1. Pick out, from Gln346, Leu282, Gly211, the residue whose Cα sits farthest towards the positive end of the charge dipole of the chain, with +1 on the Cβ of Lys and Arg and -1 on the Cβ of Asp and Glu.
2. In debye to the nearest 20, how big a dipole does the chain give about its Cα centre with +1 on each Lys and Arg Cβ and -1 on each Asp and Glu Cβ?
3. Apply the Karplus curve 6.51 cos²θ - 1.76 cosθ + 1.60, θ = phi - 60°, to the phi angles in segment 106-120 and return the couplings in whole Hz, x for Gly and Pro.
4. Tell me, in nm to one decimal, what length is gained between Gln24 and His193 on full extension, where the rule is 0.36 nm per residue of separation less the Cα-Cα distance?
5. In a shell of Cβ-Cβ distance under 9 Å around Ser64, excluding Ser64 itself, what net charge do Lys and Arg (+1) and Asp and Glu (-1) give?
6. Please sort by residue number the GluC sites (Glu not before Pro) in segment 106-203 whose DSSP state is loop and whose Cβ has at most 12 other Cβ atoms within 10 Å.
7. Read phi for every residue in segment 227-244 and hand back ³J(HN,Hα) as whole Hz from Karplus 6.51 cos²θ - 1.76 cosθ + 1.60, θ = phi - 60°, with x for Gly and Pro.
8. Just to confirm the filter: which chymotrypsin sites (Phe, Trp or Tyr not before Pro) across segment 98-206 are DSSP coil and have at most 16 other Cβ within 10 angstrom of their Cβ?
Amino acid sequence: MPDAFPNHPSYCGLRERFVHAATQAGASLSRYDHPLPGPFGESLSTDVAWLGNPRAERVLVTLSGTHGVEGYYGSDCQSQWLETYGTRELPDDVAILMIHLINPWGTAWMRRVNEDNIDLNRNYIDFTQPLPDNAAYAAIHDVYTCTDLEGPSRAQADARFNALVEEHGWAQLMAIVGAGQYQFADGLFFGGHAPSWSNQTLRQILATHLGSAKVAMTFDLHTGAGEYGHPMLMTIVQSAYPALPDAQSLFGPWLYTLITAANTLSDTGVAATSTGYTSQALLDALPEVQLMPFVIECGTWPGPPMHAQLRADHWLHLHGDPLSEQGQMIKRGLLEQFYPDDSDWQALVGLRTRQIWERALTALIHQDYTPKTPRADLSTSPQE
Ligand SMILES: [Zn+2]
């Protein structure tokens, strides 16, 4: 067992707590085994807990760890909810589906991406169509493949990076990089060339568990964008969806609606130019469901130190040894960017996330969400 890799918090700790809390709450559990082990040789899986009637038509769905290292926050919220409210009685037509660590390899290895260097939130695209082209990223890709972490070649890469910041401005440069790219498997924000294990597993979970659902609210849990300690409730999609007015009326000014498109800048810290977000995959996979896909994005540290840590972690997996002492240092630095070692931060984002889920659950229990317009009519509207 390596002693250099950080072992607290750890994937195993998160999983044991979640499975225990779900069992205590009387949830039915299923496990989706990942083919690769974690840094300690441990088995990895995505675990799914269902609370309530298996045939319920209204479902609250929580999803943690799309970006692996952000799963330390997401898992904590899921387990806390189960420990606090898990035994509460649900009405017959309402259920809760908790998808725990959809990118377990990324959580275990403390990476934002998955085992193939894929950013899952760029991977939910239609791979039968031509892949999105990001020529602007191609022109700067070499900055991210420097073989050294220190020394003259690294200094050269840093100088080039600083020149790019000068040329484009920070926000515009991050919009180029964050948009995702499908050309370089060793690049940043790589979307993949095929559906990843997590992508296929998520679709399998949805097909297995949401067959009876008519109304659903989903919460994809993230950290790392926005102001420190500010959890932001968002809905991020490529175009307006049928239940968007319901989502907006439920959360009012708390909800930030982000419609993504090429050449779009957003002041949220979330990439507005990207393709392949989870929210869009959920909408595509559940066309019969009146679906409100939400994202909770909890702000941590500013963009430049965050990006520096991402670069270091990227180098570590391309050219370094994650199990070395240097690896441990980089992992600690990266974890801090996505799950600050600050009990106030952790308590605050946990509280806000529970608050949001409580409002959602109350609405699922009491609101009438009968679709007002048949989907067939909407699909021909010019908006789509
Ligand atoms: Zn994220």
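The values are calculated or read from the model by the stated rules, or taken from the named source; none is laboratory data. Keep in mind that this is a model prediction, so the values were computed, not measured. Every residue, glycine among them, receives a Cβ derived from its backbone with ideal geometry; neighbour counts consider all protein chains shown. All accessible areas refer to the heavy atoms of the entire protein, side chains included, with ligands and DNA or RNA removed. Shrake-Rupley method; radii C 1.70, N 1.55, O 1.52, S 1.80 Å.
1. Looking along the dipole axis, the top candidate is Gly211.
2. For the chain, the charge dipole is close to 660 debye.
3. Per residue, the Karplus-derived 3J(HN,Hα) values read x, 5, 4, 8, 6, 10, 6, 8, 9, 4, 10, 6, 8, 7, 4 Hz.
4. Full extension of this stretch gives 56.8 nm more.
5. -3
6. Answer in residue order: Glu150.
7. So the J values, rounded to whole Hz, are 6, 3, x, 10, x, 10, 8, 9, 10, 10, 8, 7, 7, 4, 10, x, 8, 4.
8. Loop-located and lightly packed - Phe127.
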